[in-house]
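The values are calculated or read from the model by the stated rules, or taken from the named source; none is laboratory data. Quantities reported herein were computed from a predicted structural model and do not represent experimental measurements. Positions of Cβ are backbone-derived with ideal geometry, glycine not excepted, and every protein chain shown enters the neighbour counts. With ligands, DNA and RNA removed, areas are computed over all heavy atoms of the protein, side chains included. Shrake-Rupley method; radii C 1.70, N 1.55, O 1.52, S 1.80 Å.
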Amino acid sequence: MFNDIGPLELVTLVVLAVLVFGPEKLPKMIQDVTRTIRKIREFSESAKADIREELGPEFKDFEFEDLNPKTFIRKQLDNDELGLKEIRNGFDLKKEMAEVTDAVHSRDTDSSASSSSSSSGSSGGSIDMTKKPEKTDPDERPPFDADAT
């Protein structure tokens, strides 16, 4: 609950509490706060128990933590019924990336060879992606597409 509070911050809070409430009233305030936290926890647990009773035996494995989407998805992905672990273990990202880069580089060399041959002849439906756009006049505005904005 208080994992992100460091020792210096904790000492600062204690000193502040002593200054605000005084050394005489501080033990009474701590008791009141702990009693209130206990009552809230008891109320929460009784509400959970009542909900589980109302849901019936079909939902005996129901956990309220599963209502958090991250927890629910993590629990479902860890479930081995779907075979996701086998898929995850069978997928080699480095190998896939190497195949993709090889495909891109080989396609790039093929397209540069075909672009030089297609530029001398008629353009047979292939588009030269390496061609740089023409320089425009600095006073000329770029094209505007009202639907794109």
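In the stretch 1-33, how many are part of a helix (DSSP H, G or I) and either within 35 Å of the chain's Cα centre (by Cα) or touching a residue at least 24 places away in the same chain (Cβ under 8 Å) (or both)? I'd like the intermediate steps shown before the answer.
Applying the first criterion (part of a helix (DSSP H, G or I)) to the stretch 1-33 yields 7-33.
Remaining after also requiring either within 35 Å of the chain's Cα centre (by Cα) or touching a residue at least 24 places away in the same chain (Cβ under 8 Å) (or both): 7-13.
Total satisfying the criteria: 7.
Of the residues that make up the stretch 45-56, is at least one of a type in the set (Lys, Arg) and either in contact with a Cys (Cβ under 6 Å, 6 or more places away or on another chain) or open to solvent by 100 Å² or more (accessible area, probe 1.4 Å) (or both)? Can you show your working first?
So in the stretch 45-56, the residues of a type in the set (Lys, Arg) come out as 48, 52.
Now restrict to residues that are either in contact with a Cys (Cβ under 6 Å, 6 or more places away or on another chain) or open to solvent by 100 Å² or more (accessible area, probe 1.4 Å) (or both): none.
No, the stretch 45-56 contains no residue that is of a type in the set (Lys, Arg) and either in contact with a Cys (Cβ under 6 Å, 6 or more places away or on another chain) or open to solvent by 100 Å² or more (accessible area, probe 1.4 Å) (or both).
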